[in-house]
Every structure is written in structure tokens, then in C-alpha cells.
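Trainee: Dumping the structure here so I can ask a few things about it.
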Amino acid sequence: MNAQAMILAAGRGERMRPLTDHCPKPLLEVRGKPLMQYHTEALGRAGFRDLVVNTAWLGHQIESHFSGLDGPTAQDPQSPRIHYSHEGRDFGGALETAGGIARALPLLDDVFWLVGGDVYVPQFEFSRGALERFAASRMLAHIFLVPNPPQNPKGDFGLRADGVALNQAEPRFTYSTIGLYRKDFFASLPAGNPQGLKAPLAPLLRAAMDNEQVTAEIYAGQWADVGTPGRLAELNTR
């Protein structure tokens, strides 16, 4: 099994407390549906039949919720099969973004979609064509940037006119948590991360950008980082 998509769902969601004291952040609902379910349905519509989800905090709730939605059914023949990377069970907690991805690499194809389970992006298309174009490129990653939200006014990364992502440039945009990656992007970490090393993603992105190995594009559709109870409430009252 070589899944072509991964949803990040292992975080504790500290800023969302007390809502996340008893519910994992990816299962918090926006307009009647868990955040993460928008991603699973969009990936299914795009024809991706297998995806990986990493879990830690209250991960059993994520498995329980998707147990009846996992894999094709008569009601939803497009529903993808979900394969889990159990960071909480195996290591007692989340391994941070890059550490968690490295742990899940044996389950993933050489090129795959990545998205955070806690962002609201209901119209995003996880295009198979975009994945194939990226696979044919020489790049290690292709990321989607969004206009800076109020909570991140300085942004994260720049963008050159030819589509190359820049570590240091103005103006800066915010990383949406959505991207296309090669396994080789994570070559600096032990294959499969058997020791459960914790590692963030941003330093790897910045190093690859400095070597001009990352491209990017601006996503102008609806996007929200559901990072606080106030932002969640605002989405549900619009």
C-alpha cells in the first residue's frame, strides 16, 4: 500500500482548550462536519483511494469517527481507506510535523499530498493532475500559500515570479499546511523514524528553499487556521 495523501492529526491543540480537552482538534465541527472530514471527502472525490492519518492526542476518537466512513461503501463509493500512524500509542505523544511524516513514510508513495487536519479549506481540490505535474518536476516540495491572516501578519515565505518559494523575501505569505512532497524531502531523518525523533517541518522547508528545491503558488479560496475557540465560533456563525 502506497498512499498518495497524508492528513496531520496528532497535535494536542493547546490553544483550542478547553474544547480539545475531550475532543481532538481535527474532529471539531465547522458547519456540522468535522474539520478533517472535509479533507477525506475532497481526497476521495479526487480519486485517492488510500490515505494516511497520524494520531496522538485522543487518536482513538478519530479512528472511531471514521470507522464507518473508512473505505468505499454503497452510500459513498469514493470514500478512501484510512491507514493510521499511531504516534501516541507507539511513542507516548506527537512527533511534531516532520517527525510524524517521517514515521509514516513507509505507508506513503514517493510523492504525496500533505494537509493539516485543523485547517478549514472547503473548496480546495487535491488534484491528481497537480500531483503528476509535481512528480515530473525536479522539486522536493510544492506548497500552497495564502494571504496573511490577522494572527500571522508577517507571513512565512516569499514567492519568486517564476514560482520558486523563498525563505527570505518580501512580501511574505502564510503556509496553508497544504503541499506536495517527495519522500526524499525527509532524507535527513531516519527512514521510518523508528526511534520517534521529534522534528519540526519549517527548518526542512527553509533549507530546501535555500537550495531552490521548493516551488509554491497562492491559493485564493476560503482558508482558515482554526487555532482558537473564537475563530471556530466565527466560522460557525458566518
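Trainee: Determine, yes or no, whether GLY192 is out of contact with any strand residue (DSSP E or B) (no Cβ under 7 Å at 6 or more places or on another chain), on the phi > 0 side of the Ramachandran plot and surrounded by fewer than 20 Cβ atoms within 10 Å (Cβ to Cβ). Steps first, please.
Mentor: On the way: out of contact with any strand residue (DSSP E or B) (no Cβ under 7 Å at 6 or more places or on another chain): yes; on the phi > 0 side of the Ramachandran plot: yes; surrounded by fewer than 20 Cβ atoms within 10 Å (Cβ to Cβ): yes.
It is true that GLY192 is out of contact with any strand residue (DSSP E or B) (no Cβ under 7 Å at 6 or more places or on another chain), on the phi > 0 side of the Ramachandran plot and surrounded by fewer than 20 Cβ atoms within 10 Å (Cβ to Cβ).
Trainee: Now, a different point. Tell me which of these ILE7 doesn't satisfy, since it passes every other one: (1) in a strand (DSSP E or B); (2) over 17 Å from THR177 (Cβ atoms).
Mentor: In the conditions (1) in a strand (DSSP E or B); (2) over 17 Å from THR177 (Cβ atoms), ILE7 misses (2) alone.
Trainee: How do the strands (runs of 3 or more DSSP E) wholly within the range 77-156 filter down when requiring 3 or more residues that are within 16 Å of PHE48 (Cα to Cα) and modelled with pLDDT of 95 or more: which remain?
Mentor: 108-116
Trainee: Would you mention how many residues in the range 212-238 are at pLDDT 95 or above and over 20 Å from the mean Cα position of the chain (by Cα)?
Mentor: Adding up the residues that qualify gives 1.
Trainee: Which condition number in (1) within 27 Å of SER137 (Cβ to Cβ); (2) outside any loop (DSSP other than H, G, I, E, B) is the one that ASN193 fails?
Mentor: Answer for ASN193: the failing condition is (2).
Trainee: Still on this structure, I have one more. Quick check on GLY71: is it at pLDDT below 85 and either among the charged types (D, E, K, R) or not in a strand (DSSP E or B) (or both)?
Mentor: On the way: at pLDDT below 85: yes; either among the charged types (D, E, K, R) or not in a strand (DSSP E or B) (or both): yes.
Yes.
Trainee: Could I ask something else about it? Name the residue that is farthest from LEU19 (Cα to Cα), counting only residues in the range 213-227 that are surrounded by 15 or more Cβ atoms within 10 Å (Cβ to Cβ), out of contact with any Asp or Glu (no Cβ under 9 Å at 6 or more places or on another chain) and not small (Gly, Ala, Ser).
Mentor: Out of the qualifying residues, it is GLN213.
Trainee: Further question: Given PHE186, PHE173, PHE126, which one is buried (at least 19 other Cβ atoms within 10 Å of the Cβ), touching a residue at least 12 places away in the same chain (Cβ under 8 Å) and within 20 Å of GLY44 (Cα to Cα)?
Mentor: On the way: PHE186 fails: within 20 Å of GLY44 (Cα to Cα); PHE173 fails: within 20 Å of GLY44 (Cα to Cα).
Testing whether each residue is buried (at least 19 other Cβ atoms within 10 Å of the Cβ), touching a residue at least 12 places away in the same chain (Cβ under 8 Å) and within 20 Å of GLY44 (Cα to Cα) leaves just PHE126.
Trainee: Being among the polar types (S, T, N, Q) and farther than 18 Å from ALA5 by Cα is the filter here, so list the residues in the range 138-178 that pass it. Spell out the reasoning first.
Mentor: Of all residues in the range 138-178, those among the polar types (S, T, N, Q) come to 148, 151-152, 167-168, 174, 176-177.
Across the range 138-178, the qualifying residues are ASN148, GLN151, ASN152, ASN167, GLN168, THR174.
Trainee: Can you give me the number of residues within the range 12-35 that are touching a residue at least 40 places away in the same chain (Cβ under 8 Å), under 17 Å from THR237 (Cα atoms) and buried (at least 20 other Cβ atoms within 10 Å of the Cβ)?
Mentor: Count: 2.
Trainee: Being over 22 Å from LEU108 (Cα atoms) and touching a residue at least 40 places away in the same chain (Cβ under 8 Å) narrows it down to one residue among LEU235, LEU201; which is it? Working first, answer last.
Mentor: On the way: LEU201 fails: over 22 Å from LEU108 (Cα atoms).
None of the other options fit; the residue is LEU235.
Trainee: While we're here: Would you mention how many residues in the range 16-49 are part of a loop (DSSP other than H, G, I, E, B) and within 13 Å of the chain's Cα centre (by Cα)? So that I can check it myself, show each step before the final result.
Mentor: To start, the set of residues in the range 16-49 that are part of a loop (DSSP other than H, G, I, E, B) comprises 17-18, 22-24, 28, 31-32, 46-49.
Filter once more, so that each one left must be within 13 Å of the chain's Cα centre (by Cα): none.
So the count comes out to 0.
The values are calculated or read from the model by the stated rules, or taken from the named source; none is laboratory data. Everything numeric in this text was worked out from a predicted model, so none of it was measured. Heads up, the Cβs are rebuilt from the backbone with ideal geometry, glycines too, and the neighbour counts pull from every protein chain shown.
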